[in-house]
Structures are given as structure tokens and as C-alpha cells.
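Read through the structure below, which is laid out as C-alpha cells, and then see the notes.
The values are calculated or read from the model by the stated rules, or taken from the named source; none is laboratory data. Here the structure is a predicted model, which means the values were calculated and not measured. Glycine also receives a Cβ, built like all others from the backbone with ideal geometry; neighbour counts cover every protein chain displayed.
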Amino acid sequence: MTEEEKRKAPVEEPQEVDPDAVDAEEPIEAIPVDDEEVAEGEENIALKGKKAIIKTVEKTAVTRRGRRDESPGEWVPRTQLGHMVKSGKIKTFSDAIRTGLPIREPQIADHFFGDSLSDEVLKVNMVQRMTDSGRRTRFSITVVVGNGDGYVGLGSSKGKEVGPSIKKAIDNAKLNMVELIRGCGSWECGCMQPHTLPYRVEGKAGSTVITLRPAPQGVGLAVGDVSKKILKLAGIKDAWGFSKGQTKTTVNNAKAVMDALHKITQMKVQESSRVELAHLSGATGVSTIEQEKEEERR
Ligand SMILES: [Zn+2]
């Protein structure tokens, strides 16, 4: 690429290089519009290419959403667990997890949680690279999905278009949903409601370490931004959080929080402590997301 071409190209370097997003081994898919135009050496190629991409993204996002809303009931299960869920043999998501069968269909989460599921995009990473045949753009998306009441999952996806990649990441998050244990582990509180964590836990991802601590009622989520989004969708109302290490990577932050939440479910605890700390696994029937919406309406 000549100096002049570089100057004309309005788009640039990776906007934020996230180690998870830069995956050298993964084959890169070509962007049709862009590639041809680069080869012809037209002016404003990059700009034209970008506009075309954005148009495609918008279009796809709309059609995808439309299609999903039109036919929510047309799920044809492809897995054993899917069939058991759809036929009504399995009554709750908790039971689905307890079968030990892998959750391979996002419709399983949709079936039990329906509209109570919320999602939030934690990170959109755009990575552009120059190759011999032109510019290649890929997006790496990380989302969190939760029901605001004891179930939360993290998912990610990579692709050349934002809209479909977000959809894929959400579906992926639905396959990774975990059942949390909540409780009242704050000695200052002792209210016996599962509004916070039962214990202090530490989660790790890469060099990021996040510690979450039970907090008394009313403290809210005194944690970092990423933790806050996840805990909120998980249905945890109060918590204190601290982080160490490389804390600027959103993706590692999110993974560390999930690691911490997962560790709580793995702890071996005596029955007396379970009672004392108001252990509750899974749903209470009250979604913190719904509660918040109601409070806003008032
Ligand atoms: Zn309490």
C-alpha cells in the first residue's frame, strides 16, 4: 500500500486490541465488496466498502430480528435434551442442567425463560488487518445474557458483520448459562434473603483477578462496570467488588466474574452454613430486572 492510499483510507488500525480478538490462526473471511474494489485501485475504496458493510449489517439485523419475532413457536429440537424440554418431560432450566446433558440449543433457554431473558453487549471489537488482497474487517462480540433471577451466561462470537455476530453471541451465551447460588453472606446484614453472595469469592481470567464480597441490603452493586452488568442480569442486588492485575480488558473482566460466580456453586459447604447464609440455588421467582423496571415506572 502506498503512502497516498494510506492517507485516503479513512479506517485504520484495530480500535482496541484485545488479546482474545486477535487470533492469528483463525482463517479470515473475505469481504466481497471491499476486496474487488481494492483490487481495481479505485479512489475512496475504503469508504465505499465501509458504507456497503454498514448497509448489510443494518439489513441483516432487521431481517434477523423480524424472523425471530414472527415465529417464536417453531422450534424443532435437534438434540436429546431439546426433545425432552419441548415435550415437557423436563419442567425447569434447573432440571435441564441437572440432566448433565450438554445444552446445544439456545431455544432451551428461550423455552424456560422466554421474555424474562435480557442481554447486554459488553464489547464490540473491530479488528482490521491489511493483507495482500486488501483490508479485512472482523468483529468480535461479547455479550451477557441473564434472567435477573439466578441464571446468567457469557457468550462471544466473531464475524464480518455486527448484527449477525451479536445474534450468534447471544445464542452462544444461552448455551453457557449457569445456575447461581445466592444468599445473605454479609454478617452486617443477616436478613436471610438471597440478595447477595453467600461468601467472598475470587475469580480469574488471564491476569485479571476479581474478588466479590457479600454486601448488606441497600449497598447495591459496588463493583466495576463489567461486573455490574453481569451481576445485575444474574439477579444479585448487593455486592462489593475489587480487581487486581490487568483490569482494562473487558473480556477478561467478564470471564473473571463468571469464574467467581461459578466457584460459589463448586464450594463444598455444610448444611448448617447453607441455612445460616440463606443459600438459594437458581430462581426466587422475582427478577431484579423486572423489579427495576417497576421502580422506574413509579
Ligand atoms: Zn441480607
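Could you pull out the residue among LEU180, LEU197, LEU175 that is closer than 16 Å to GLY146 by Cα and surrounded by 22 or more Cβ atoms within 10 Å (Cβ to Cβ)?
Values: LEU197 fails: closer than 16 Å to GLY146 by Cα; LEU175 fails: surrounded by 22 or more Cβ atoms within 10 Å (Cβ to Cβ).
Among LEU180, LEU197, LEU175, only LEU180 is closer than 16 Å to GLY146 by Cα and surrounded by 22 or more Cβ atoms within 10 Å (Cβ to Cβ).
Pull up the range 168-195, narrow it to residues that are within 25 Å of THR142 (Cα to Cα) and part of a strand (DSSP E or B), then point me to the one that is farthest from the ligand (Cβ to nearest atom). Before you say what the answer is, go through the steps one by one.
Filtering the range 168-195 down to residues within 25 Å of THR142 (Cα to Cα) leaves 168-182.
Restricting the remaining residues to those that are part of a strand (DSSP E or B) gives 178-179, 181-182.
On the way: VAL178: 22, GLU179: 20, ILE181: 14, ARG182: 10 Å.
Here the residue is VAL178.
Of these, LYS293, LYS248, which one is more than 16 Å from the ligand (Cβ to nearest atom), more than 17 Å from PRO194 (Cα to Cα), not in a helix (DSSP H, G or I) and not assigned by TED's automatic domain parsing to the domain that holds ALA96? Spell out the reasoning first.
On the way: LYS293 fails: not in a helix (DSSP H, G or I).
The unique qualifying residue is LYS248.
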For the range 169-213, what are the residues that are in contact with a Cys (Cβ under 9 Å, 6 or more places away or on another chain) and either more than 14 Å from LYS263 (Cβ to Cβ) or not assigned by TED's automatic domain parsing to the domain that holds PHE242 (or both)?
CYS184, GLY190, CYS191, MET192, GLN193, PRO194, HIS195, THR196
Please indicate, with yes or no, whether at least one residue in the range 138-147 is in the same structural domain as ALA260 (by TED's automatic domain parsing) and either without any contact (Cβ under 8 Å) to a residue 24 or more places away in the chain or more than 21 Å from THR249 (Cα to Cα) (or both).
yes
Residue pairs meeting the criteria (Cβ under 8 Å; at least 6 apart or on separate chains; first free of Cβ contacts under 8 Å to residues at least 24 places away in the same chain, in the range 165-190; second within 16 Å of the ligand (Cβ to nearest atom)):
GLY190/CYS184
Give me a count of the residues in the range 202-221 that are over 15 Å from ALA254 (Cβ atoms) and within 15 Å of the ligand (Cβ to nearest atom).
8
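Condition check: part of a strand (DSSP E or B), without any contact (Cβ under 8 Å) to a residue 40 or more places away in the chain and under 10 Å from the mean Cα position of the chain (by Cα). Does VAL121 satisfy that? Please lay out each step first, then the result.
On the way: part of a strand (DSSP E or B): yes; without any contact (Cβ under 8 Å) to a residue 40 or more places away in the chain: no; under 10 Å from the mean Cα position of the chain (by Cα): yes.
For VAL121, the condition - part of a strand (DSSP E or B), without any contact (Cβ under 8 Å) to a residue 40 or more places away in the chain and under 10 Å from the mean Cα position of the chain (by Cα) - is not met.
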